[in-house]
Amino acid sequence: MMSRIVSVLLVVMLTACSTTYPNKNVTEQTFPSVTGENLLKETIQLPQAIKQKATVLLLGYQQDSQFDIDRWLIGLDMTNTTIDVIEVPTIQGMFPRMFSTQINNGMRKGIPKIMWAGVITVYRDGDKLQQFTGNTNPNNARVMLLDKTGVIRYFYDQGFSVDALNALRKSVKSH
C-alpha cells in the first residue's frame, strides 16, 4: 500500500511541473544546442556530436511515446533505410532531473546494450527542446532529419504513418 502511494506521488510530481507548448513545424530551422547523456553515461552535445553526416532524431517527450518511436525504428529497418538514428528521450522539469539516474537505469534494463550509445536523454534542456517543437500530443514522437550542418530538413509530429515514413525516406535520399 505504501509503495502505491509513493508511486502515485512520484507520478504527480513528475507531471506537475510540465508546461504545454503548441506544436510548430521546425523544418529548415537549426536544431538548438542541447546537452544530454547517452545510456553509456557519456555527455553529448547535440547537434554538434552528429555534424558532418545526416542523422534522424526521434524525440520522445514521455514514456508512452516509445510506442511511436518503435514504429519508426521498425519502419526504417524494414525499408532498409540506411542512416544513423538517435533516440532522444526529452523530459522537462525539476523532478525528472532529480530522478534521472533511476529513469536512465530503467531504460538500460529495457534497451539492449548495443543500442545505448544511440539513446541520449535530455533533462536539463528538456524544456528548451519541448518549447522548440511544441509538445501537444506528447505520445507522438518528434521525427527530424538533420543535415550535416544541423539544419532540420524533415520534421513530423503526427504519429507514425506509412506516408510519413516514405516522405522521410525521400528526404534522407536527398540529404
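Summary of values
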read-out	value
Answer residue from region 71-98, given it is modelled with pLDDT of 95 or more, within 21 Å of residue 138 (Cα to Cα) and assigned to a helix (DSSP H, G or I) and is most open to solvent (accessible area, probe 1.4 Å) among those	74
Residue satisfying all of: in region 48-92; among the hydrophobic types (A, V, I, L, M, F, W, C) and over 20 Å from residue 158 (Cα atoms); farthest from the chain's Cα centre (by Cα) among these	78
Test: residue in region 35-47 that is polar (S, T, N, Q), in a loop (DSSP other than H, G, I, E, B) and over 13 Å from the mean Cα position of the chain (by Cα)	no
Total residues in region 116-175, condition under 25 Å from residue 36 (Cα atoms), open to solvent by 60 Å² or more (accessible area, probe 1.4 Å) and in a helix (DSSP H, G or I)	2
Answer from 14, 40, 58 - the residue that is surrounded by 15 or more Cβ atoms within 10 Å (Cβ to Cβ), at pLDDT 85 or above and of a type outside the set (Val, Ile, Thr)	58
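The values are calculated or read from the model by the stated rules, or taken from the named source; none is laboratory data. Being a predicted model, the structure only gives us computed values, none of them experimental. Please note: Cβ atoms are built from the backbone with ideal geometry, for glycine as well, and neighbour counts cover all protein chains shown. Side chains included, ligands, DNA and RNA excluded: accessible areas come from the protein's heavy atoms. Shrake-Rupley method; radii C 1.70, N 1.55, O 1.52, S 1.80 Å.
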